[in-house]
Every structure is written in structure tokens, then in C-alpha cells.
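Colleague: Please find one structure pasted underneath; my questions will follow.
What follows draws every value from the coordinates through simple rules; no lab data is involved. Everything numeric here is computed off the predicted structure, so don't read it as measured data. Here Cβ is always computed from backbone atoms with ideal geometry, including for glycine, and neighbour counts include all displayed protein chains.
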Amino acid sequence: MAILDVLTYPDPLLKQVAAPVTEFDSSLARLAEDLEQTMRAGPGGVGIAAPQVGVLLRVVIVDVSSRPGIPNHGRLVLVNPEIQRWKGMVKGREGCLSVPDFIGTVIRAEHITLQAQDIHGGTQQYQMQGYEARAVQHEVDHLDGLLFLDRLVSRHHDLKPRQS
Ligand SMILES: [Zn+2]
């Protein structure tokens, strides 16, 4: 396992659309392990997407279980994730390993239906809400070359320096 270098805004690789995973092999498993270790080494540490380490594949990791009192599915490796339904809208604060100095206020769906494969290629479906749904929407955006900065209504009102 290895902690990988995280690309930061405005690295052009963060604007690329990532390709679907077609090989569910040991290199995918290793990528997932490295992504998880990299995520846990960073501030916040609730999600990471492969393009953030320069790998243009549709793989994300989300784990919001460290946040107290919120519904969650624990640690998830989501391969080729697809959000199939969105319901409700809610504003909330987001950070990003690739935008380390800022926190943004972003509107996201409150409930989502998500379909994704696991690292063995099996298909799973999830009903998610609240912070976990927000984290997944943020990470799936990375697969399409979008950062939370792209979803701010106003940079003046919705972008604040991260207090560390
Ligand atoms: Zn991010």
C-alpha cells in the first residue's frame, strides 16, 4: 500500500472524464487500497476519487462512518458508480483533498439511488441520504471532471478559507 500524491486545482487532469473500469483484477484491488490509504491520510478523509491521484478510471472510495450519528453504509469501494435517482435539495459544506485551502457551500440532492460495482465486478444498489449521499455526489463529480468549485452559486458567498 502507498500514500499517493493528490493532484490539486487547477491541475488539468482533474478536468478529464474518467473511463469505465473493465478489468476487475489485482491492479484494481491495489488501486483501491492505495486510494483508501491516501484518503485516510488527508484532512476530512471521507472520500476520494481515482482522478485525484491521476488515474483516469471510474473508482471512488467513500466512508463517512467516522462522522457521528449519520446513516451510512461504512467503507465503500464504488466502481463505475451511477446515480440513478436524485430527490430533494439541500445546501451543505464540502471540502476536497484537491482544493485543500477552501470549504464550499454546495447544493446537492438529499436522497440518491446509486448503482455501483464492487472490486470483484458484482453490481450493488444503495439508497443513500444526507452526508453520505453528498459525499458520493462529490466523488462521482470527480469522475466527470467536476470539482465542487464548479457547483458554487457564488464564489463570493459560498467559498471560505479552510480554518485549520
Ligand atoms: Zn473532492
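Colleague: Would you list the P(r) distribution for the stretch 68-152, with all Cα-Cα distances sorted into 5 Å bins from 0 and each bin expressed as a whole %?
Modeller: 3, 14, 25, 25, 20, 10, 3, 0
Colleague: How do the peptides 91-98, 43-50, 151-158 rank, highest first, by the average count of neighbouring beta carbon atoms within 10 Å per residue?
Modeller: Packing order, densest peptide first, comes out as 43-50, 91-98, 151-158.
Colleague: Relative contact order for the chain: what is it in percent, counting Cα pairs under 8 Å that are at least 6 residues apart?
Modeller: Once normalised by length, the contact order is 25 percent.
Colleague: With 10 Å bins from zero, work out the P(r) of the chain over every alpha carbon pair and list the percent per bin.
Modeller: So the P(r) values, bin by bin, are 11, 42, 39, 8, 0.
Colleague: Further, regarding this structure: Most mobile of ASP150, ASP141, ASP118 per a Gaussian network model of the chain (Cα springs, under 10 Å)?
Modeller: Of the options given, ASP150 has the highest mean-square fluctuation.
Colleague: Which FRET efficiency, nearest 0.05, do ARG155 and VAL55 yield, Cβ-Cβ r, R0 35 Å?
Modeller: The formula returns an efficiency of 0.75 here.
Colleague: What length, rounded to one decimal in nm, is gained on full extension from ALA29 through to ARG162, with 0.36 nm per residue of separation minus their alpha-carbon distance?
Modeller: Extra length from ALA29 to ARG162 when fully extended: 44.6 nm.
Colleague: Does a label point 7 Å from the Cα of THR123, set along Cα-to-beta-carbon, have any residues of the stretch 19-54 with amide nitrogen under 19 Å, and which are they?
Modeller: Flagged as within label range: 20-25.
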